[in-house]
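For reference, the structure discussed in these notes is given below.
What follows draws every value from the coordinates through simple rules; no lab data is involved. Values in this document were obtained by computation on a predicted structure and should not be read as measured data. Because the Cβ atoms are built from the backbone with ideal geometry, glycine has one as well, and the counts that use them run over all protein chains shown.
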Protein chains: 2
Amino acid sequence: MSADDGLSFATTAECGRSGARCGRLRTPHGTVETPVFVPCATRGALKGITAEQAAATGAQMLLANTYHLFLQPGPEAVAARGGLHRFMNWPRPLLTDSGGFQIFSFGHGSVADEIKGRRKQRQSPAAVELTEEGAAFRSYVDGRRVFLSPEGAVEAQQRIGADLIVVLDECTPYHVDREYTARSMERSHRWGLRGLERFRETDDGRQGLYGIVQGGVYEDLRAESSAFVAGQPFFGQAIGGSLGSDPAQMEEVVAWSRAGLPRERPTHLLGIGGIRDLWRNAAHGIDSFDCVHPTRLARHGGALCVPGENGGQEHLNLRNARFRDDPRPLDERVPHPASREYSRAYLHYLVRAGESLGGQLLALHNLAFLAWMMERLRESIREGRFPEEAGNWTGA
Amino acid sequence: MSADDGLSFATTAECGRSGARCGRLRTPHGTVETPVFVPCATRGALKGITAEQAAATGAQMLLANTYHLFLQPGPEAVAARGGLHRFMNWPRPLLTDSGGFQIFSFGHGSVADEIKGRRKQRQSPAAVELTEEGAAFRSYVDGRRVFLSPEGAVEAQQRIGADLIVVLDECTPYHVDREYTARSMERSHRWGLRGLERFRETDDGRQGLYGIVQGGVYEDLRAESSAFVAGQPFFGQAIGGSLGSDPAQMEEVVAWSRAGLPRERPTHLLGIGGIRDLWRNAAHGIDSFDCVHPTRLARHGGALCVPGENGGQEHLNLRNARFRDDPRPLDERVPHPASREYSRAYLHYLVRAGESLGGQLLALHNLAFLAWMMERLRESIREGRFPEEAGNWTGA
């Protein structure tokens, strides 16, 4: 689609005994080695982490949320300030999501847990008015009614200026039935076509548009949606919507979705960032992942760790009294001061004392940990030992 | 007192036309060029700034509050974790204050404003029981009754292990009368002697003890207190207590206090950090300053600036709508990314959106700004043009 202009994707290594692969994703703002974890700078800022610090954790690309930037400061404002890279002072690659996830998760009165399948009580969906034309909802910033169409979502992302952008979709919760999921998927496909059409009107080759595979937890719908996305000239493809209620179902849904997708394009898995989830889904050829998990976990006192070395746990809870006198750093293998130079005792103290530095150091560690882990993951693919290495991390 | 062991102070340049001077303060953890501004790592942590970031702002030394560390995690805990430098991962010089300011400002039910002379309604002093023996008060951490004696304050600071430590004093509010101030000062002198005696029992030459000059806004009491401190073998001296109700009175009180103090020792002015205050009091030979102002100001959206270039204001309020479209960085002369690489428009957006990164970038800028300004101040002393340079900054 736009390799001439600096956007391209190429597979650089494959693991013969799984679907895992390494790739090189070139963008006008630099090259990303995949599989990659993409930290979430939700509103154009990582929580308490500067751009310089994000780069020092090894982050190759950041994701910002179209929904939030659409409401504040607005796409025009971001464009007037030189685009998102310059606005954020982040010169490396950027990805913006479609906005659909936030519109519908907020609109359904629920949040990520609901869409990802972890059941919570449903609340009124009245906050979002959904029509064929698009989605109308109320701004959390100033209360005004806002309307986002598939064309508008693409235009907003063109103004915001990330390297990789995503078409608007309806993000259905887990507990909707097959019929609703099918109708919603079909509308998302029509929205995808409308977004693609608008994108191509002004495409200058400096942004890559991703289609989204929907279809919930239904194998035939996932196959149908993948076939639709495969048939359209998207640069890349994202797997969205409900991924089921447990890791095994997630892997199944990802495998169904991935099966019909062109392998020459990069594939993104939306909103997934657990340690085992990253390894298990990389095995199905996922090239990029994003999730607020590492930074949110940090604000609650959690430090990512190697599960097999910590009783199967994916994180240490630094609030725990057992860290009160622990002089060890979080993990000396991770090449970052937050992981190597601060004692668990100090982090425990900071978290308990409510000092903001505690959450900040944990967030830096968590991002550095994932960057380091993903390099281990890529290395194991290049060296042909991905299944063994994945086993070490997933405890499988 | 301990030059052999790595603690010494020497004047390196003087300004013939004022009392301003440059000095070199050697400690076991490195050398500090004075006059210096010392950022406050109140509870052993700067708010949202890592040790690496603090060093990158140009901070030469940090101050931590004995009062807070005494209550949590406790001096024994800090000692068990290798002392404060190691605990905080800050290898450079550290100063701990006496604890008196917090005990009495919290005890009197008031805060810094009261002691510094900005009148607020007095509240019950019942929370602190003050006797000749020391101060009893209630811990804000767990509600237990705590007792701090002059000996205990020195012991706590010996365990905590900062390079520079301060004797316990009663920090009287502005609106107490001369008689109370005199009696309180005399008790602080007796406390000073008790602290000094305990200090000398175990002094290994790796910490320098500062006496404190009290005496409120009364010239004769300040002279008496300075004479007392001058007559005792302290390494350095701090000017504490009420400094009056306006900048002119502060300068007067500082001049009275400074007049009787030995010039071969370093002199610290407690709790002062305004731009004009730094220049005006450096003119009276103050060698070091500390204040929460730059980091607290940042959390409220304020960025330090050169007053003469900004209508006399010492800071820009980034919440102000006039910064919404301002593409300029805060100040390109300040050698730090927070000052040079982020637009005012982005900072305005972050502050308005309530993103923690806004306050963090402003805090980094404010610390870098003061480090840069103090280097300009030292340079002007070395080059014999301090009065002119001070005039540029104070608008005098």
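Compared with the direct C-alpha span, the chain from residue B:319 to residue B:145 gains 58.5 nm at full extension, assuming 0.36 nm per residue.
The trypsin sites (Lys or Arg not before Pro) of segment B:136-244 that meet both conditions, a loop assignment by DSSP and at most 13 other Cβ atoms within 10 Å of the site Cβ, are B:144. Please work out the C-alpha center-to-center distance from segment B:33-60 to segment B:240-280 and express it in whole Å. A separation of 22 Å, based on Cα centres. Once both labels are positioned 7 Å from their Cα atoms along Cα-to-Cβ, the gap between residue B:179 and residue A:178 label points is 9.3 nm. Rounded to the nearest whole Hz, the Karplus-based 3J(HN,Hα) values (6.51 cos²θ - 1.76 cosθ + 1.60, θ = phi - 60°) of segment B:248-253 follow the sequence 5, 5, 4, 4, 5, 4, with x at glycine and proline.
Please report the base-10 log of the normalised intensity I(q)/I(0) for segment A:302-388, using a Debye sum with one equal scatterer per alpha carbon and no solvent, at each q in 0.24 (1/Å). For the requested q values the scattering log ratios are -1.18. In this structure, the amide hydrogen of residue A:208, modeled 1.01 Å from its nitrogen in the peptide plane, lies closer than 5 angstrom to those of A:164, A:165, counting only residues at least 5 positions away or on a different chain. The fewest-to-most ranking of B:188, A:380 by surrounding Cβ atoms within 10 Å reads A:380, B:188. Among beta bridges identified by DSSP and lying wholly in chain B, the antiparallel ones come to about 50 percent. Each other residue within a Cβ distance under 14 Å of residue B:324 adds +1 if Lys or Arg and -1 if Asp or Glu, for a net charge of +3.
For chain A, the longest principal axis of the Cα atoms and the long axis of helix A:178-202 meet at an angle of about 80 degrees.
Could you give, in nm with one decimal, how far residue B:246 is from each other copy of that position, shortest first, with labels 7 Å out from Cα toward Cβ? From this label point to the equivalent ones elsewhere in the assembly: 7.5 nm.
Rounded to the nearest 500, the 222 nm mean residue ellipticity of the protein assembly as shown from helices alone is -12000 deg cm²/dmol, with -39,500 (n - 2.57) taken per DSSP H run of at least 4 residues.
Would you list the P(r) distribution for segment B:37-290, with all Cα-Cα distances sorted into 5 Å bins from 0 and each bin expressed as a whole %? In whole percents, the pair-distance histogram is 1, 6, 14, 19, 21, 18, 13, 6, 1, 0. Computed from the C-beta positions of residue A:385 and residue B:232, the FRET efficiency with R₀ = 56 Å rounds to 0.20.
Take the Cβ atoms of residue B:376 and residue A:10, set R0 to 51 Å, and the FRET efficiency comes out at 0.45. A simple rule links phi to the HN-Hα coupling: the Karplus curve 6.51 cos²θ - 1.76 cosθ + 1.60 with θ = phi - 60°, which for segment B:302-317 gives x, 10, 4, 8, 6, x, x, 9, 9, x, x, 6, 8, 8, 8, 9 Hz, with x for Gly and Pro. Counting Cβ atoms of other protein chains within 10 Å of each residue's Cβ and taking the mean over peptide B:214-224 gives 0.
Annotation: the antiparallel percentage among DSSP beta bridges lying fully within segment A:234-338 is about 40. The angle between the Cα long axis of helix B:344-353 and the longest principal axis of the Cα atoms of chain B comes to about 60 degrees, rounded to the nearest 10.
Quick one: helix B:219-230 against the long Cα principal axis of chain B, what's the angle to the nearest 10°, folded into 0 to 90? Orientation of helix B:219-230: about 70 degrees from the principal axis. Take each residue in B:336-342, count the other chain C-beta atoms within 10 Å of its C-beta, and the mean is 3. Build a GNM of chain A with springs between Cα atoms under 10 Å apart, and of A:46, A:261, A:130 the one that fluctuates most is A:130. Using a Gaussian network model of chain A in which every pair of alpha carbons under 10 angstrom is joined by a spring, one finds that among A:263, A:344, A:322 the greatest mean-square fluctuation is at A:322. Using a Gaussian network model of chain A in which every pair of alpha carbons under 10 angstrom is joined by a spring, one finds that among A:32, A:146, A:78 the greatest mean-square fluctuation is at A:146.
Cα-based values for the protein assembly as shown, radius of gyration first and Dmax second, are 30.0, 91 Å. Of the trypsin sites (Lys or Arg not before Pro) in segment A:8-52, the ones in a loop by DSSP (not H, G, I, E or B) with at most 15 other beta carbons within 10 Å are A:17. Taking the Cβ of residue B:77 as the centre, find all other residues whose Cβ is under 13 Å away and add up their charges (Lys, Arg: +1; Asp, Glu: -1). Net charge in that neighbourhood comes out at +3.
Take the convex hull of the alpha carbons in segment A:178-229; its mean projected area over all directions comes to 3.6 nm². Note on residue A:130/residue A:80: beta-carbon distance plugged into 1/(1 + (r/R0)^6) with R0 of 30 Å gives a FRET efficiency of 0.45. Note down the net charge around residue B:314, summing +1 for each Lys or Arg and -1 for each Asp or Glu among other residues with Cβ under 14 Å from its Cβ. Around residue B:314, the charge tally is 0. In segment A:251-367, one over the average inverse separation of all distinct C-alpha pairs is 15.4 Å, which is the Kirkwood hydrodynamic radius. Computed extension length for residue B:328-residue B:306: 6.4 nm, one decimal, from 0.36 nm per residue of separation with the Cα-Cα distance subtracted.
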